[in-house]
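Chemist: Below is a structure I'd like to ask you about.
Derivation of every value follows stated rules applied to the coordinates shown; laboratory data play no part. Computed from a predicted model, the values in this text were never measured in an experiment. Reconstructed Cβ throughout: ideal geometry from the backbone, glycine too, with neighbour counts over all protein chains shown.
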Number of protein chains: 4
Amino acid sequence: MSFQNPVFIPGPTNMPEVLRKAVDMPTMDHRSAAFADILQPALAGVKKVLKTVAGQVFFFPATGTGAWEAAIANTLSPGDRVLACRNGMFSHRWIDLCTRFGIEVEVVEAAWGEGIDAARFEEILTADKGHAIKAVLATHNETATGVLSDVAAVRRAMDAAGHPAMLFVDGVSSVGSMDFRMDDWGVDVAITGSQKGFMLPAGLSIAGFSPKAMAAGETARLPRCFFDVRDMARTYAANGFPYTPPVGLLNGLAVSCGMLLDEGLDNVFARHARIAGGVRAAVHAWGLKLCAARPELWSNSVSAIRTPEGFNATDIVTRASSEYGMAFGTGLGEVAGKVFRIGHLGMMTDAMALSGIAVAEMVMVDLGLPVKLGSGVAAAQERYRHGAKAAQKKEAA
Amino acid sequence: MSFQNPVFIPGPTNMPEVLRKAVDMPTMDHRSAAFADILQPALAGVKKVLKTVAGQVFFFPATGTGAWEAAIANTLSPGDRVLACRNGMFSHRWIDLCTRFGIEVEVVEAAWGEGIDAARFEEILTADKGHAIKAVLATHNETATGVLSDVAAVRRAMDAAGHPAMLFVDGVSSVGSMDFRMDDWGVDVAITGSQKGFMLPAGLSIAGFSPKAMAAGETARLPRCFFDVRDMARTYAANGFPYTPPVGLLNGLAVSCGMLLDEGLDNVFARHARIAGGVRAAVHAWGLKLCAARPELWSNSVSAIRTPEGFNATDIVTRASSEYGMAFGTGLGEVAGKVFRIGHLGMMTDAMALSGIAVAEMVMVDLGLPVKLGSGVAAAQERYRHGAKAAQKKEAA
Amino acid sequence: MSFQNPVFIPGPTNMPEVLRKAVDMPTMDHRSAAFADILQPALAGVKKVLKTVAGQVFFFPATGTGAWEAAIANTLSPGDRVLACRNGMFSHRWIDLCTRFGIEVEVVEAAWGEGIDAARFEEILTADKGHAIKAVLATHNETATGVLSDVAAVRRAMDAAGHPAMLFVDGVSSVGSMDFRMDDWGVDVAITGSQKGFMLPAGLSIAGFSPKAMAAGETARLPRCFFDVRDMARTYAANGFPYTPPVGLLNGLAVSCGMLLDEGLDNVFARHARIAGGVRAAVHAWGLKLCAARPELWSNSVSAIRTPEGFNATDIVTRASSEYGMAFGTGLGEVAGKVFRIGHLGMMTDAMALSGIAVAEMVMVDLGLPVKLGSGVAAAQERYRHGAKAAQKKEAA
Amino acid sequence: MSFQNPVFIPGPTNMPEVLRKAVDMPTMDHRSAAFADILQPALAGVKKVLKTVAGQVFFFPATGTGAWEAAIANTLSPGDRVLACRNGMFSHRWIDLCTRFGIEVEVVEAAWGEGIDAARFEEILTADKGHAIKAVLATHNETATGVLSDVAAVRRAMDAAGHPAMLFVDGVSSVGSMDFRMDDWGVDVAITGSQKGFMLPAGLSIAGFSPKAMAAGETARLPRCFFDVRDMARTYAANGFPYTPPVGLLNGLAVSCGMLLDEGLDNVFARHARIAGGVRAAVHAWGLKLCAARPELWSNSVSAIRTPEGFNATDIVTRASSEYGMAFGTGLGEVAGKVFRIGHLGMMTDAMALSGIAVAEMVMVDLGLPVKLGSGVAAAQERYRHGAKAAQKKEAA
């Protein structure tokens, strides 16, 4: 493994040098006062990134799956009912997790490539006169299909239905890469992880809980200990942690938040949009289509690309790895073999994106797809080169 | 924070250079074939360290608390009964976790400083004719009190009672530092973490499951998803992971196992015994007593040291940190203020141990305890210097 | 500075992860026995890379300039005469260094873009009946112009002239990237550095001395101390160093040699030829010309690319840095403003090279050069994709 | 090699975590504007550490030996005369270097353990009516004997003699650890390196040149190129470097200066004095003597310790390494076998120093010296513990 090439999996992302160094800490006493200097900036930083003032932030040494579990276990009781949309592998898995915890899930099935059908949610919620539905689950960015759903629309649907359910949002592959507004959207539990927009190694779950979600925890009867936010809240108040914290990752998170906020969240999102725009331009130049059904669903963190009928999209990923040492994402579940994925989130540059596009092109030509070498690259370059200041000035003149 | 001094907390331990570098990995595609080269050596290595052939090993991006939860959630059902001894903070917390999960715990209370009373266990198990007790919980090394319990004796008690309960052992602060024999002792779930004997950062739970524990999972009804060992077993078989794995920690674990096995487990244990012996010699030279009630309970990974009546032991820890930049452990729970702890596990050297002893001495003198400067150091040196080959030859001559 | 993009300067090169870790060592006692385990593999490895059996290898904590000085100072006396060809900035600087040391240099001027004129050397050496010329200086790869000269031809010229002069070769940007044969070519002093083909940070000069060069040192009267190879030879024999050695760089060098030899020098050279071939294909697709006058002079470690009359080539480098965060090399000396340079030596991959080509393209289009986006990339891809095994099989079928 | 223990060689010193990370940089383009952000803070920082306003600072990728050579080569001509005192191995080597460069050295021999005899210097300079002596060489801290000479006294002697010679001072093992005043003492060339008080890896020579020394360079006729300060001055002015700079070391140096200046030079010196005081207290408790003849010569960066007649002091170093994994320094030259050395410069803590003292004690007892275990440690603890604020307050009360 040479590590010379960037990765194009949709997370874990490429890590900036400064974050690798922030994570790689010598052992320190996590019960000492020095821990506060790591914990508090991480908490404050994540609150800003999630755009929440009212919410409380919690960290678990775990992954996104653990954060899903934390959301459920801290707020619900066996037999509770939730509403969710299944439009990809990750929304599916969260539904599966709920089921394992004895939660009844009313599933709205959507084509893989579609977003959450807020109108259908509104119908169901309106019909739920007895408010049996305790929570609505929304996967903001379906990493499996590269589909960004409209969480604000889900919130509007809930409000239109006058329904008091909580709103839980999986922002694992959106937070830090695309706009996320916990308070504005009335999100009760927001979930993410260290290894996507925060550009850190995997191993840290991040969750924001609204006061309403915290209150729900008082009566929730699902068992919890490792993921118990009450223990977290209590120990954080004393600059502690309920068990041994992953200090290096927390330190990395504090530094990562600083990087994102220094760049400016809007700039970070614009950068992701620009990079993603180039990748999509390449896809179109190749004569291929995105899995995401419509432009308003296009994700700026990952593109799932459909390959022609009869072609195994996974061959692209396999060959890119074996022949060119480059990692893309395969299709998962229903779209296995039908799509391959290019992750373009985190600290990606134009140059890095172009290398990924160029390799994908070579692989597709190697495998006999009717793609012209250089075509996707040229389309992406056309997008990327406009970012240059001098050129812009020239154009303006 | 200068990081110049070693830490003497009972974990996370000081990290060898080679392990820090093994953990600090660039991003790689965890779905690629390269992941097998990390996962499989880690699994094989941990099996050797746990001394199990029959067991299966699982890794969770979590901590010891997560591993406790994994043990319970994968094997038990709400209302099940377990037997446990409370002789310190960590055994207490495991009991508390069980209670939160709706498990009834028959608690054998022991003085903090005592070990597990195997005879009492035998009485209770013998009396449990109906085999209502599904599992016996044993904390091998009580990190809070520096007490090593005799797990083999617990197994003998269970066998003498002819009781079919499973045996769950918390080896968080013993595995890799003191002898642990999963198969010989009939351990059904063995639990540990990355940040103690394995000398890695916190963030990885390690669990060994016997075939009996795996079988129990088929009917166990506690909810589980993040900690589900069936998902783990299924995905490991394909060199995968049920969610995003903490690749760097797993790579570090593979390298750590290699280090331990290259040194030889018996040599590793002897080294811990030697270092611990020096610390205990210092304690006695200071006129102080260990919290562990009897020599056969003395832990080789951590020493909890009782301070005189009326003295707040926590002052030692506070002052060592503020004035000398050195981290020791405070007393927890029932022994808070009564003991301070010196962790001496992991890749500790004689020289490092002597620096800890020397600082502890200065702090105690600063605080007015009747300790003679150099006295503990001299007692420890007397132990350590015998390790020298030339001196041994001289003695042999 | 984000460090996200690879660099395309002709050294220091991009560093493989494993070499960065090898260099980043904790302090060790360089007078201890452990130093031998670093020094000896580095010496043995470099001998293999230089392809010398008879020569002795020396390391100085310095750069290529220091190695030039070491070559001169250890073998010549004030007033000695040497023969050299000036065909670029680096050959010029070596000549300048000689002049500063009181050496008379017979300079053969060549166009910047031409190689060493071995025929002219033969004429001059044949005419030097009195053997006043003590050494012939050859810059194997002129980094400023991307010109590879034929050192074997220089040796043949010397032999044809029956001239006993020593042959000193600057292989700073060739060794480890293109074939170099110290013994076969009768090289008396071979010079290189850590930061090019060895893929390490700058800071280590590497020199190979033939027995003849060592013998010359006995009577040479130029002053020397820091660069004295006799002190080096004497201390190496005892696994020491005449002063404090740069231990991390030496350790990195030992590991680097292992990497190069494990890959196989022929494979390393073929890889460089392939990558360079793609860059040159791009240059031609852009309608531009290399500074190197003829294909047999093309360097596989760096390409200097001529831009059209009236265009300032340095603008490309400036804009690539400011707008795209990518580093190329400017033209130096006579070709300043006339060429820009793409370094493609060290652990470069196809993907990395394509990102450099793609950025160069964008910059040239931004600056109004008549270059078509994607054109150079496509030309390079056509070269690179043939490296793929499956494609090769297809072609073979 | 475990790297678990600190080193006690008199340089390279133990490296703070933050400096290791500052040095371990990815490749950057040293010809880009970003280089200024490294070079300029390093230059400005070193000027403050050297306490010079008038002087110019230069960096060479070399070691102290290189800096000696730079001092001579940039200021003197063959046949020039200098005055120097030989009182240890490093002053001897500088004299030897001068001789190799054709400089005549008037050597004042002093016992190894004595400092520079300023009175004798004054006599010689007064007698040199013709001002044949061009420079006075002073080794501020003789690393071989642990002797600190009084440079201010040397300057007073020169002034009293009314002699215009330049003053060159080797501050390799004093700068950054003990007071050094380039301007106040009228130092014309001040020399140091990265691997001592600056706590960095070896590989960077640091030199400060006064305007007088720079002016001397205009007529000096010793050959120079790699070490030519005029090339340095010219390229620095454009934020460049005459050849490839060791960027990581320069970055580390900038950060190191920041650390030293943040702590405050006076505090840094006081810390070194305190640590050294503890080591010396231990030496006296062992019944041993320092090589440095009188208290006013005691160095705060290294202690050379005389062992009894008939005992080979090097055995201590050998055994400490082989049996306890700890590095001390051997005696060099005239004091080989007669002294061993404890380096205590750089970011040493009380705890680290105590571990070194404790190991030295064990080794001496192992080897049969009449040393009492714990005795030296106790003496050092008595010194170190007074540093504690709370204790001081108690004492004050």
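Chemist: Counting only GluC sites (Glu not before Pro) that sit in a DSSP loop (anything but H, G, I, E, B) with at most 11 other Cβ atoms within 10 Å, what is the longest stretch of chain C containing none of them?
Modeler: Answer from the scan: C:1-217.
Chemist: Mind giving me the nanometre distance, one decimal, between the label points for B:R294 and B:E104, set 7 Å out from Cα along Cα→Cβ?
Modeler: Between B:R294 and B:E104, the label points sit 3.2 nm apart.
Chemist: Okay, next question. So, in nm, how far is label B:K48 from label C:D183 when the simple model puts each one 7 Å beyond its Cα toward the Cβ?
Modeler: Once both label points are built, they end up 4.0 nm from each other.
Chemist: Also: Please list the radius of gyration and Dmax for chain D, considering alpha-carbon atoms only, with Å as the unit.
Modeler: Final numbers for Rg and Dmax: 21.3, 66 Å.
Chemist: Further, regarding this structure: With angles folded into 0 to 90 degrees, how steeply does helix D:118-127 sit against the dominant principal axis of chain D? Use alpha carbons for both and round to 10.
Modeler: That works out to roughly 20 degrees.
Chemist: Can you give me the Rg/Rh ratio for segment C:26-79, using Cα atoms for both radii and the Kirkwood formula for Rh?
Modeler: When Rh is taken as the Kirkwood radius, the ratio is 1.06.
Chemist: While we're looking at this one, here's another question. Averaging the inverse of every distinct alpha carbon separation and then flipping it gives the Kirkwood radius. What is it for segment D:148-200, in angstrom units?
Modeler: Hydrodynamic radius (Kirkwood, Cα only) of segment D:148-200 equals 11.7 Å.
Chemist: A further question follows. Between D:R86 and residues 5 or more places away or on another chain, which pairs have amide H atoms under 5 Å apart, with H built 1.01 Å from N, and which residues are they?
Modeler: D:V108, D:E109, D:A110
Chemist: Using 17 Å as the cut-off for backbone N distance, which residues of segment C:195-214 belong to the label zone defined by a point 7 Å from the Cα of C:H131 along Cα→Cβ?
Modeler: Only C:211-214 fall inside the zone, counting backbone N under 17 Å.
Chemist: Moving on to the next point. Dividing the Cα convex hull volume of segment C:253-302 by residue count, how many Å³ per residue is that?
Modeler: Numbers: hull volume 4.1 nm³, N = 50.
So the per-residue hull volume is 82 Å³.
Chemist: To the nearest 0.05, what FRET efficiency results for B:S322 and D:R221 with a Förster distance of 56 Å applied to their C-beta separation?
Modeler: Calculated value: 0.40.
Chemist: Continuing with the same structure: Per residue of D:313-324, count partner chain C-beta atoms within 10 Å of its C-beta, then hand back the mean as an integer.
Modeler: If you average over the peptide's residues, the count of other-chain Cβ atoms is 3.
Chemist: Averaging the inverse of every distinct alpha carbon separation and then flipping it gives the Kirkwood radius. What is it for segment B:254-383, in angstrom units?
Modeler: Evaluated over segment B:254-383, this radius sits at 15.1 Å.
Chemist: Provide the FRET efficiency to the nearest 0.05 for the B:H284-B:D37 pair, computing r from the beta carbons and using R0 = 60 Å.
Modeler: Calculated value: 0.80.
Chemist: I'd like the FRET efficiency for D:A160 and D:E309, computed as 1/(1 + (r/R0)^6) with the beta carbon distance as r and R0 of 45 Å, rounded to 0.05.
Modeler: The pair D:A160/D:E309 has a calculated efficiency of 0.65.
Chemist: So how tilted is helix C:247-263 from the main axis of chain C? Cα-based, degrees 0 to 90, rounded to 10.
Modeler: That works out to roughly 60 degrees.
Chemist: Tell me the mean residue ellipticity at 222 nm calculated for chain A from its helices only (DSSP H runs of n ≥ 4, each -39500 (n - 2.57), averaged over every residue, nearest 500).
Modeler: -12500 deg cm²/dmol
Chemist: A further question follows. How far, in nm to one decimal, is A:D159 from itself in the other copies if the label point is set 7 angstrom along Cα toward Cβ? Shortest first, please.
Modeler: Here the equivalent label points are 6.9, 8.0, 8.8 nm apart from this one.
Chemist: Quick check on segment A:102-220: what are the equivalent-ellipsoid semi-axes from the Cα gyration tensor, as sqrt(5λ), descending, whole Å?
Modeler: 24, 18, 13
Chemist: Shifting gears a bit: Above 68 Å lies some portion of the pair distances; for the protein assembly as shown, what is it as a whole percent of all C-alpha pairs?
Modeler: Tail of P(r) above 68 Å: 13 percent of Cα pairs.
Chemist: While we're here: Treating segment B:283-341 as a set of equal point scatterers at the Cα positions, no solvent, please give the Debye-formula log₁₀ I(q)/I(0) at q = 0.18, 0.19, 0.23, 0.26 Å⁻¹.
Modeler: Once normalised to I(0) and log-transformed, intensities are -0.62, -0.68, -0.96, -1.14.
Chemist: For segment B:195-246, which semi-axes, largest first and in whole Å, follow from the square roots of 5 times the eigenvalues of its Cα gyration tensor?
Modeler: Values: eigenvalues 96, 43, 26 Å².
One finds semi-axes of 22, 15, 11 Å for segment B:195-246.
Chemist: Given N residues in segment C:1-51, what is its alpha carbon radius of gyration divided by 2.2 N^0.38 Å? Could you put the intermediate results ahead of the total?
Modeler: On the way: Rg = 15.0 Å, N = 51, 2.2 N^0.38 = 9.8 Å.
Scaled against compact globular proteins, the figure is 1.53.
Chemist: Looking only at Cα atoms, what is the convex hull volume of segment B:155-290 per residue, in Å³?
Modeler: 163 Å³
Chemist: Additional query: Can you tell me the orientation of helix A:36-50 relative to chain A, as the angle in degrees between its alpha-carbon axis and the longest Cα principal axis, to the nearest 10?
Modeler: Its long axis makes an angle of about 70 degrees.
Chemist: Based on the inverse mean of 1/r over its pairs of different Cα atoms, what is the Kirkwood hydrodynamic radius of segment C:1-91, in Å?
Modeler: That comes to 17.3 Å for segment C:1-91.
Chemist: State the volume of the convex hull built on the alpha-carbon positions of segment D:307-363, expressed per residue in Å³ and rounded to an integer.
Modeler: Output value, Cα hull per residue: 80 Å³.
Chemist: Which Rg and Dmax, in Å, describe the Cα atoms of segment A:41-145?
Modeler: Cα only, segment A:41-145: 14.8, 44 Å (Rg, Dmax).
Chemist: Bins of 5 Å, beginning at zero and ending with the bin holding the largest distance: percent of Cα pairs per bin for segment D:228-269, please.
Modeler: For segment D:228-269, the binned pair fractions read 6, 20, 17, 17, 15, 14, 10, 1 percent.
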